[in-house]
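For reference, the structure discussed in these notes is given below.
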Amino acid sequence: MNPNGSWYSDRSTGATSFSRTGVSAKIQGADGYTWKTVAWYNGYSNTGQGMATQNGPRGYGETKAQFTFLPGTGANDRIEVKAWLLGAVLGRSAPQALDVSDGEDDIEPPASVDVVAADLRSGQAEGFALTSYGATAGGELWTGVASNGETCIFILQGGDYVGSSCADAATFAAYGLSTHMQGPNESLQVALAPAGGITEQAAAAAGLVRLTDAIAINSGEPISGEVVLIGEPTTRSAGPAPTAIVLVTGPGE
């Protein structure tokens, strides 16, 4: 498919005849910060880089996904993507995949698709080592490292809606991770650096607030553009090199 920012919704006939718990979307081989993936469910959305998941209580709310290459695309540019309709049940059928797929490769879903609000509140999500950053004005925040090596950011809003974005170990080490979850009444943007180095000055210059040297957030009016971390990890005794935070604006933004 062409990653031009078009929305793709569940296409099943009579979509409201089965329930679901959310949607997850992923771009195959998206190993940089020039990609934007959005998962949207029942009025809540989560924006990641190469992958994004949005889940919540079981219901019949609309689900959709969006894939964008931020520098822009030509008419013939193609990528492989997949989106999963989470927990979809129709009679005796097994969980279904959202009707968005391009290419023949077997694309595995993000490690975070099964993590729900109760897991985060308990501090125990199967296959994850979680770190809690507590409540913010834009929602509750956790990070986690999965048993398969993926690093993920989790945001809880509206009581039971969880947005998450992940990156595999190599991608996270090279580019860090950022995400933006937005609900009807809350918004939280998060930047997570792989080796620390976020200064208060760098965070403030990008419109963020530094929580630690590895994580910065914005829980106010959303920043225009996608948050990108730029910095090289170092083993110098002086500590990690400073990590710059910049904003990348895509077509139409």
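Laboratory data are not the source of any read-out in this text; all were calculated from the coordinates shown. Remember, it's a predicted structure, so these values are computed and weren't measured experimentally. Cβ sites come from the backbone with ideal geometry, for glycine too, and all protein chains shown count toward neighbours.
Label separation (Asn185 vs Glu126): 3.3 nm, computed from points 7 Å beyond Cα along the C-beta direction. Between Ala173 and Leu90, the distance separating the two model label sites (each 7 Å from Cα on the Cα→Cβ line) works out to 4.3 nm.
For Ala135 and Asn148, the difference between the fully extended length at 0.36 nm per residue and the C-alpha to C-alpha distance is 2.0 nm.
In Å, what Kirkwood hydrodynamic radius results for segment 1-71 from the alpha-carbon pair distances? Numbers along the way, then the final one.
On the way: mean 1/r = 0.0802 Å⁻¹.
Over segment 1-71, the inverse of the mean reciprocal pair distance is 12.5 Å.
Charged neighbours of Glu126, selected by a Cβ distance under 13 Å, balance to -2 (K, R count +1; D, E count -1).
When each of the peptides 71-81, 151-161, 36-46, 211-221 is scored by how many other beta carbons lie within 10 Å of its residues on average, the order from highest to lowest is 36-46, 151-161, 211-221, 71-81. For Asn148, what charge total do you get from the other residues with a beta carbon under 11 Å from its beta carbon, if Lys and Arg give +1 and Asp and Glu give -1? So the environment of Asn148 carries a net charge of -3.
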